[in-house]
Amino acid sequence: MDRIDVLRAFVTVASENSFTKAADKLQLSPQLISKYVSRLEENVGIRLLNRTTRKVHLTEAGLRYFQRAQQVLDDFDDLDTQLNDLQDEVRGLLRISAPVSFATSHLARLINDFRKAHPHVNVDLQLNDRKVDIVEEGFDIALRIGRLKSSSLIAKAIVPIELVFCAAPEYLAKHGTPQQLDDLVEHQLLSYSYMEKTPFWPEGNQAMLCNNGDVLVQSAIEGAGITLQPTFICAEAIKSGKLQMVLSDYVPEPLGLYAVYPHRKLLASKVRTFIDFLDGYFGTPPYWDRLIK
């Protein structure tokens, strides 16, 4: 008696609350389903299901066993999918949501390289700095920058995202270079609209508020003030001398770039392949940080 078949029979009965419905779903006889579940209970030495003439209910032990059994089956099915993917060429439409500034600077080459490796995958890339509802809006994967929070979604860390304070040398020559965080209240601040509240960035004296980091960096280059930005946007300007880093001893902890997707179970090969391709693509540290370190 195959143990996977036994587990699948038990999990299906528990999910359907019925031996008959489970038998229909698995296309087996109710007698065989009942035999599988009875044998499982004999093996574990405890009753997992309470049976009545109308319904089937999990016992307390049955509920705990069901949760673990479901995970085992998910892992088994996922392994089967991965092995099948080795035989089947990856194909289909991959819908990706990504932050505007990061995608503009760093995703075109990556996606081009990915499609060279997997020419039968087409990509629909949508740029948006808001957190899209992946399931509701039909995305396969979202790239997000921030600090990981608890969620029903699955997230894989791709690369750390460093933040730096920076301003044009001309601005600092005119207004002075801040030496500590409290000095920022005396300066013109160029603030990112979606920035979470942080002790590193004062709320007052916002000379400019914008929901796009590229615009804020360009404004800083033009001498408009001081901004706090990820290095993937401003590293080249710092390297060229258009911007100068300040308050280097006070930078926040790095954020992260995450690949976020809805389900681990039976993950589509196009999604898994793209996530694997992302892993390590930007280098350690990422190539933009190597410009200024």
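The values are calculated or read from the model by the stated rules, or taken from the named source; none is laboratory data. A quick note: this is a predicted structure, and the numbers were derived from the prediction, not measured. Neighbour counts are summed over all protein chains in view; Cβ atoms, including those assigned to glycine, are modelled from backbone coordinates with ideal geometry. Areas reflect the complete protein model, heavy atoms only, side chains present, ligands, DNA and RNA absent. Shrake-Rupley method; radii C 1.70, N 1.55, O 1.52, S 1.80 Å.
Hey, A207 hits all of (1) surrounded by 14 or more Cβ atoms within 10 Å (Cβ to Cβ); (2) in a helix (DSSP H, G or I); (3) without any contact (Cβ under 8 Å) to a residue 60 or more places away in the chain but one; which does it fall short on?
Among (1) surrounded by 14 or more Cβ atoms within 10 Å (Cβ to Cβ); (2) in a helix (DSSP H, G or I); (3) without any contact (Cβ under 8 Å) to a residue 60 or more places away in the chain, A207 violates only (2).
Quick one: which residue in A9, A14, A61 is open to solvent by 20 Å² or more (accessible area, probe 1.4 Å), of a type in the set (A, V, I, L, M, F, W, C), part of a helix (DSSP H, G or I) and in contact with a Leu (Cβ under 7 Å, 6 or more places away or on another chain)?
When all the criteria are applied, what remains is A61.
Can you pull out the strands (runs of 3 or more DSSP E) entirely within the range 137-180 that have at least 2 residues that are under 19 Å from I238 (Cβ atoms) and of a type outside the set (S, T, Y)?
154-161, 163-167
Condition (residue is loosely packed, with under 14 Cβ neighbours inside 10 Å, at positive phi and not aromatic (F, W, Y)) applied to the range 253-262: is it met by at least one residue?
no
I need a count of the residues in the range 238-248 that are open to solvent by 80 Å² or more (accessible area, probe 1.4 Å) and under 29 Å from the mean Cα position of the chain (by Cα).
The total comes to 0.
State whether the residues of the range 272-290 include one that is under 30 Å from D183 (Cβ atoms), part of a helix (DSSP H, G or I) and at pLDDT 95 or above.
Scanning the range 272-290 turns up at least one residue that is under 30 Å from D183 (Cβ atoms), part of a helix (DSSP H, G or I) and at pLDDT 95 or above.
Scanning the range 210-223 for residues that are open to solvent by 40 Å² or more (accessible area, probe 1.4 Å) and not β-branched (V, I, T), which turns out nearest to D289 (Cα to Cα)?
D214
Among the residues of the range 43-58, write down those that are over 40 Å from the mean Cα position of the chain (by Cα) and open to solvent by less than 80 Å² (accessible area, probe 1.4 Å).
Listed by number, the residues that qualify are G45, N50.
Only one residue in V185, V164 is surrounded by 12 or more Cβ atoms within 10 Å (Cβ to Cβ), hydrophobic (A, V, I, L, M, F, W, C), at pLDDT 95 or above and over 18 Å from the mean Cα position of the chain (by Cα), so which one is that?
Answer to the check: V164.
Those residues that are in contact with a strand residue (DSSP E or B) (Cβ under 9 Å, 6 or more places away or on another chain) and either more than 13 Å from S34 (Cα to Cα) or basic (K, R) (or both), I need them from the range 46-63; list them, please.
Selection gives R51, H57, L58, T59, G62.
Looking only at residues in the range 29-84 that are of a type in the set (V, I, T) and modelled with pLDDT of 85 or more, which one is nearest to A14 (Cα to Cα)?
V56
If I filter the range 239-271 down to residues being hydrophobic (A, V, I, L, M, F, W, C) and not in a loop (DSSP other than H, G, I, E, B), which single residue comes out as farthest from T227 (Cα to Cα)?
This residue is V271.
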